[in-house]
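The values are calculated or read from the model by the stated rules, or taken from the named source; none is laboratory data. Worth saying up front: this structure is predicted, and the values here are computed from it rather than measured. When we count neighbours, we look across all protein chains shown, and the Cβ atoms used for this are built from the backbone with ideal geometry, even at glycine. Protein only, heavy atoms only, side chains kept; ligands, DNA and RNA dropped before computing areas. Shrake-Rupley method; radii C 1.70, N 1.55, O 1.52, S 1.80 Å.
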Amino acid sequence: MADTSRRRVLLGALGTAGSALALRATRGLAASFDRSAASSRRRWSFDSDWRFSRSDFAASSQIDFDDRDWRSLRLPHDWSIEGPFDPNAPSAGCGAYLPTGVGWYRKRFTLPSAAAGRRLTIEFDGIYQNSEAWINGQSLGKRPYGFVPFYYDLSTLVRPHAENLIAVRVDNSHQTNCRWYSGSGIYRHAWLLSTEPLHIAHWGVLAHSSLIAPGHATVAVSVQLDNDSSGPAPALVTARMIDAAGRKLGLGHAEALLDGHASASVSLTVSIDDPHLWSPEEPYLHRLIVSVQSAGVASDAVELPFGIRTARFDADRGFLLNDRPLKLNGCCLHHDAGCVGAAVPERVWERRLLELKSMGCNAIRTSHNPFAAEFLDLCDRLGILVMNEAFDEWTIPKGQIGPNGYARYFDQWYERDLQNFIRRDRNHACVVLWSAGNEIGEQGAAGGADVLRRILAVFRAEDPTRMVTAGCDHIASDPPAERARPEFLQLLDVVGYNYVDRWRERTELYYDQDRHDYPQRRFIGTESVGLAGVRGGDGPYLALPGARPGREVDVEQLWKFVRVHDYVAGDFMWTGIDYLGEARWPNKAAASGVLDTCGFRKDSFYFYQSQWTQDPVLHLFPHWNWAGREGQIVPVGCYTNCDTVELFLNGRSLGVKGYAFPRPGMEERYGHLPERALAARTTGDLHLSWDVAFEPGTLRALGRRAERVVADKTIETTGPAAAIALSADAATIGIDPGEVAHVEIRIVDSQGRLVPTADDEIALSLSGDGVLLGWDNGNPANHDGYRSERRRVFGGLALAIVRSSGNAGRMHLSARSEALGSASTSIRCR
């Protein structure tokens, strides 16, 4: 996954040299500049060799401040995730009871004389929050919002023949300021960019598929140019489309003349024959290269991965991709990833997204803020659609966090924050819908529509090609005075409904009443209840502390409605993955996902897989280890897309059950029903269940379609815990810090079967050329630090995430328990 961050590097991608550069000491940067001096545009990772202190010294911005005692680290870095968990932490349940406060980062670097006269920019993908940056003691500026990318111009402030210092103060001490875990620090990547005076503006390209017809496509490209020189500059702008095999498919060009210290925008089109379209099934990416020449000399160039596709929302047909209806089977996600916090390596996101895609999820809502750029790169490559969300608050504060949220900064910063967010993300094929906000108070407030108009004006100016929604949770609210106002809703291109089944008769009718009243409205479920619960105990028939009775019924009934009503574009359930924060002690995390914080599947994963995929799915739950409950009834549940399922206990049939959704109707001719219509239908629910008197042994299920067995599932009563087993998802990883290995730690019986009730304490140790980023067990109430030496497994499982220390070699991970002995695995770093 090293390529996911390098995919974002502009023309002249660094390749192997770039990986090495990312790991060099900063003082080695000068040599790299020398080698790239002939290139028009260069972009380097600026992640390595920072110093950090969780302290607050006013003189830390000065170049002669002594930071030798500070900790050395590389970015991305989230200091909050390092712990400890504390029920009295100011971050409280919103921030997972983890530390926040103030921290400083400092980095020294030198530039060669060859860089003189070039424009230099430092870009931060995200700093949480209230950051201020200095170069050589001079302030570059402040950014309060912790989720947006931003940049500063260093051109006139760097010293070309001496050492330079970048210093960044991060203030996350004003708690609480977010309703979930945010992380603290420079928790995303940093970059250094060098360009000629005549260059393409930062995020200055907007490209979209303006026309797709049989055998032909037209891509419209708009380019913003900046001329930082004092004299006029002629510019020839060229756009080339290149396919994945390197073939040139189309070419467009335009000319402009820029005055000194002026900007200009040019538009051009690229025509392509026989285009290969981007879709979730085939996420084909071209390369769009936009270059600038001045008086015959190359001045700048930008390269973008580009998917050719159209996306639109229709009042009657829902969502259409490439003019074909596609139901959005979506998940809401937060931006953290368990034990690594907010500083998420690319491979961690890749593993998680692949799991969700295998479940049938084809869309993600970035709730409720901009995500890291590499997350969208992955969605482009994997074929996952994105509802890209900007804010959780506008001008009205939310009661859960008080006065320290984004509302205190909105009026001054919303326009700049939105511009950066939209410009960075507007060329991603995966982004099909913008969301302006989530559950904002303005939806029902006097003057709220005026705030929305201001926001929409920015969206329209920066990207006129996509529609805009917002997640509204008061559409039919009690009391009526808080209801979302018609003038607010009518401004939205697509009206987003959060929990459409919350209001009176709408618990049964869902969107039907508004569909009748507003037939031209476009509908989407921006957030809906999911099958929440803790892994190993989230079945619908098990008593869960705090579980809401009937949740499974709610989920199933809503999905039936969404599935069969074309005008509903889709639904985003809450949530795809458990996340830190939004919890009450002793819990530190919200168990809302179908994957836990380790990325392990819960039973609920298979419900969605049974509804969202076509290949046979057959899943039984709960486990079958119930010592001491012999003869007692244990409800057994089943998620499946088979026509019927027959359950056996120790070889004895417990009966055949089945459901069909959608029900099969007549086909081909009057009175003719398909064969599957004759299968047993024993329930109108979307799950099957049997009440079984427990006895140790084997539960076996046979799933049939058209009377043919297509799936066979067995769960067994295991023996007691006997050993530790380790397995890594990669035997070899690169030294790029975005590459990691996930090591699954399992407690097994003498036959190698997972013991689902095991909670043994184990000790973990890592030696060699590796770094333990963290380890976890998925238990929301576990308070062991993510880098602690010891922890208990949960449901027989734990997960460690390791990466290279930056050197080629091997790392060795060992797990040990006094009762179970030890196990180890080795991972090569190259």
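Once you reduce the stretch 702-777 and the stretch 153-209 to the center of their Cα atoms, the two points are 39 Å from each other. Computed with every protein chain present, the accessible area of residue 644 is close to 10 Å² [probe 1.4 Å]. For the set 653, 294, 131, solvent exposure ranked by accessible area (probe 1.4 Å, protein chains only) runs largest to smallest as 653, 294, 131. For the chain, the relative contact order comes to 10 percent (Cα pairs under 8 Å, sequence separation of at least 6).
Near the amide H of residue 634, within less than 5 Å, lie the amide hydrogens of 692, 693, 694, all on another chain or at least 5 residues away, with H placed in the peptide plane. The residues neighbouring residue 361, those whose beta-carbon lies less than 13 Å from its own, together hold a net charge of +3 under the Lys/Arg +1, Asp/Glu -1 convention.
The aspartates and glutamates within cross-link reach of residue 560, meaning a Cα-to-Cα straight distance under 12 Å and a gap of 8 or more places when in the same chain, are 508, 571, 685.
For residue 299, nonlocal amide neighbours, meaning residues 5 or more places apart or on other chains whose placed amide H falls under 5 Å from its own, are 292, 293, 294. Left without a cysteine partner by the 4.7 Å Cβ rule in the chain: 94, 178, 331, 332, 339, 361, 472, 598, 638, 642, 829. Rounded to the nearest Hz, the phi-derived 3J(HN,Hα) couplings of the stretch 307-317 under the Karplus curve 6.51 cos²θ - 1.76 cosθ + 1.60 (θ = phi - 60°) are x, 7, 6, 10, 9, 8, 10, 10, 5, 9, 9, where x marks glycine and proline. Taking a ≥ b ≥ c as the square roots of the eigenvalues of the Cα gyration tensor, the stretch 294-427 is rounded, since a/c falls below 1.5. Ordered from highest to lowest accessible area with the whole protein assembly present and a 1.4 Å probe, 654, 251, 328 read as 251, 654, 328. Answer with one residue from 580, 720, 486: the one whose Cα lies farthest towards the positive end of the charge dipole of the chain, charges on Cβ with Lys, Arg +1 and Asp, Glu -1. In the chain, that residue is 720. In plain terms, the chain from residue 230 to residue 765 could stretch by 186.6 nm, reckoned as 0.36 nm per residue minus the Cα-Cα distance.
Would you please state the base-10 log of I(q)/I(0) at q = 0.09 1/Å for the chain, with intensities from the Debye formula using one equal scatterer on every alpha carbon? Summing over Cα pairs of the chain leads to -0.94.
Directionally averaged projected area (the stretch 335-414, Cα convex hull): 6.4 nm². If the label point is 7 Å along Cα→Cβ of residue 265, which residues in the stretch 406-448 have backbone nitrogen under 14 Å from it? It comes to 419, 423, nothing else. In angstrom, the C-alpha Rg and Dmax of the stretch 226-325 are 17.5, 55. For the stretch 146-159, 3J(HN,Hα) computed residue by residue from phi via the Karplus equation (6.51, -1.76, 1.60; θ = phi - 60°) reads x, 10, 9, x, 7, 8, 10, 7, 9, 3, 8, 10, 7, 9 Hz, glycine and proline entered as x. Sorting the segments 330-341, 412-423, 456-467 by their mean number of nearby beta carbons within 10 angstrom, highest to lowest, gives 330-341, 412-423, 456-467.
A simple charge model with +1 on the Cβ of Lys and Arg, -1 on the Cβ of Asp and Glu and nothing else charged puts the dipole of the chain at about 1200 debye relative to its Cα centre.
Using a probe of 1.4 Å on the protein chains alone, the accessible area found for residue 316 is around 90 Å². Classify the stretch 182-262 from the C-alpha gyration tensor, please: rounded if a/c falls under 1.5, else prolate or oblate depending on whether a/b exceeds b/c. Oblate. Taken about its Cα centre, the stretch 44-118 carries a charge dipole of roughly 320 debye when the Cβ of each Lys and Arg holds +1 and the Cβ of each Asp and Glu holds -1. Checking the Cα-Cα distances for 248/357; 327/713; 107/142; 588/713; 107/398 against a 26 Å cut-off, the pairs over it are 248/357; 327/713; 588/713; 107/398. Projecting the Cα atoms of 743, 356, 436 onto the dipole axis of the chain, where Lys and Arg carry +1 and Asp and Glu carry -1 at the beta carbon, places 743 farthest toward the positive end. Accessible area per residue was computed with a 1.4 Å probe on protein heavy atoms; residue 208 scores about 60 Å².
What the Cβ-Cβ distance of residue 251 and residue 210 gives, at R0 = 25 Å and to the nearest 0.05, is a FRET efficiency of 0.95.
Note that the stretch 212-225 has calculated 3J(HN,Hα) couplings of 10, 10, x, x, 7, 9, 10, 10, 8, 10, 10, 10, 9, 10 Hz, one per residue in order, obtained from phi through the Karplus relation 6.51 cos²θ - 1.76 cosθ + 1.60 (θ = phi - 60°); glycine and proline are x. Applying 1/(1 + (r/R0)^6) with r as the Cβ-Cβ distance of residue 787 and residue 322 and R0 = 51 angstrom yields a FRET efficiency of 0.65.
Each distinct pair of alpha carbons in the stretch 375-459 adds a 1/r term; the inverse of their mean, the Kirkwood radius, is 13.9 Å. Based on the Cβ-Cβ distance from residue 465 to residue 819, what FRET efficiency comes out when R0 is 51 Å, to the nearest 0.05? Efficiency computed from Cβ-Cβ geometry: 0.25.
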